[in-house]
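The values are calculated or read from the model by the stated rules, or taken from the named source; none is laboratory data. Computed from a predicted model, the values in this text were never measured in an experiment. Counting neighbours? That spans all protein chains shown, and the Cβs are built from the backbone with ideal geometry, glycine included. Heads up: the accessible areas ignore ligands, DNA and RNA and are worked out on the full protein's heavy atoms, side chains in. Shrake-Rupley method; radii C 1.70, N 1.55, O 1.52, S 1.80 Å.
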Amino acid sequence: MNDDKNYFHFKREMWQHLEISEDQLLTAEELEEIRGLNDRISLEDISEIYLPLIKLVAMEYHEAIFIHEEKLRFLQKKETRAPFIIALAGSVAVGKSTTARVLKLMLDRWFSKTRKVELITTDGFLYPNKILEEKGIMDRKGFPESYDKERFAAFLKELKQNKPTIDVPMYSHFTYDVLEETRTIERPNIVIIEGINVLQADIQANIFPSDFFDFSVYMDAKEEDIKRWYLERFFMLRETAFQDESSYFHPYTKISTKEAEEFALEVWDTINGVNLKENIEKTKYRANVVLAKGADHLVSDIYLRK
């Protein structure tokens, strides 16, 4: 990401010296539990990148609460503020899932668990494989048209309406499909919503998902690096999770390494890479914060919207 006059640009060395509280540091064991496959996030990243980011998010949260209370006082109304929603976007294999789990754990710690923090992934809002096949867009899975936008919009509305309980659809990367069961969340204070196209704007829709977001983060990296990380992760999964005969991708453990590489490259070149260029990357400038990663998978630059 080139320097943009709409953003403050911080090199990692500058960002890490911002005022922070060391009380929110994670342990090596906690980090290991939430680290994604092939994600090189370290305790140094927690201290140098995520502690300042968490403090920034906490400031935004407290400001939102203050403005809400002042507005209600002026209007002579009484109403609990709707959840503070944080959106986290970026390509497949860029490290979103780990970052989302880090943010949840650190926000829990920042607020000493006095605020209920929920993490939602937009994978659950994909159409089930059966519907994707009926629509003839199974090979477009992950593209904007493969999501049930009406269901996602209804979910966001329920959040902002402070509905006491909300059912959230779930997804299994093991079966590569939406699950029939849902999980229920109850009156969260903060909700992190993670997904590749979560910042997507559909010009034909009456509302944009971003209309509901209070803060947003985009995970950025060069395409050649993301492609390499995707291939590395694919082969790590091929040696681990894919070995289970119940896995959707188990058949790819039975072919040669060369054939598996050709398959993974085709998936990137015809699906993930295309989606990145046509859709995901274009949402970058809607984010409040852009975390740019270098070839080593570590955050090197931070861009903060002015």
Mind listing the long-range amide H neighbours of TYR7? Cut-off is under 5 Å, sequence gap 5 or more, other chains count too, H placed in the peptide plane at 1.01 Å from N.
LYS306
Among DSSP bridges having both ends in the range 114-272, what percentage is antiparallel? Round to the nearest 5.
60 percent
Amide H within-cut-off set for LYS116, under 5 Å, with H built and near neighbours excluded
ASN189, ILE190
Just the accessible area for ARG286, please: 1.4 Å probe, Å², rounded to the nearest 10?
100 Å²
Counting sequence-distant residues (5 or more places) and residues on other chains, those with an amide H built under 5 Å from that of THR121 are GLU194
Unit charges on C-beta of K, R, D, E only; dipole of the range 102-207, Debye:
620 debye
Over the chain, give the accessible area per residue in Å² for a 1.4 Å probe, as an integer.
52 Å²
Among VAL94, VAL168, VAL267, which one shows the biggest mean-square fluctuation in a GNM of the chain, springs joining Cα atoms closer than 10 Å?
VAL267
Pairs to check: LYS96/LYS163; LYS55/LYS113; LYS104/LYS141; LYS163/LYS284. Give those whose C-alpha atoms are more than 19 Å from each other in this structure.
LYS96/LYS163; LYS104/LYS141; LYS163/LYS284
Top to bottom by accessible area (1.4 Å), largest first, where do PHE143, PHE212 land?
PHE212, PHE143
Quick one: accessible surface of HIS17, probe radius 1.4 Å, all protein chains present, in square angstrom to the nearest 10.
150 Å²
For MET236, MET138, MET106, the accessible-area ranking with a 1.4 Å probe, largest leading, is MET236, MET138, MET106
Size of the dipole of the chain about the Cα centre, Lys and Arg at +1 and Asp and Glu at -1 on the beta carbon, nothing else charged, in debye to 20?
1160 debye
Based on the Cα coordinates of the chain, what is the per residue volume of their convex hull in Å³?
151 Å³
Quick check on the chain: helices-only [θ] at 222 nm, where DSSP H runs of length 4 and up contribute -39,500 (n - 2.57) each and the sum goes over total residues. Nearest 500, please.
-10000 deg cm²/dmol
Under 13 Å from the Cα of LYS135 - aspartates and glutamates, other chains or at least 8 residues apart:
GLU145, ASP148
I'd like to verify something in the chain: which complete DSSP H helices, judged by Cα projection on the helix axis, reach 18 Å or more and average at least 0.0 on the Kyte-Doolittle scale?
51-75
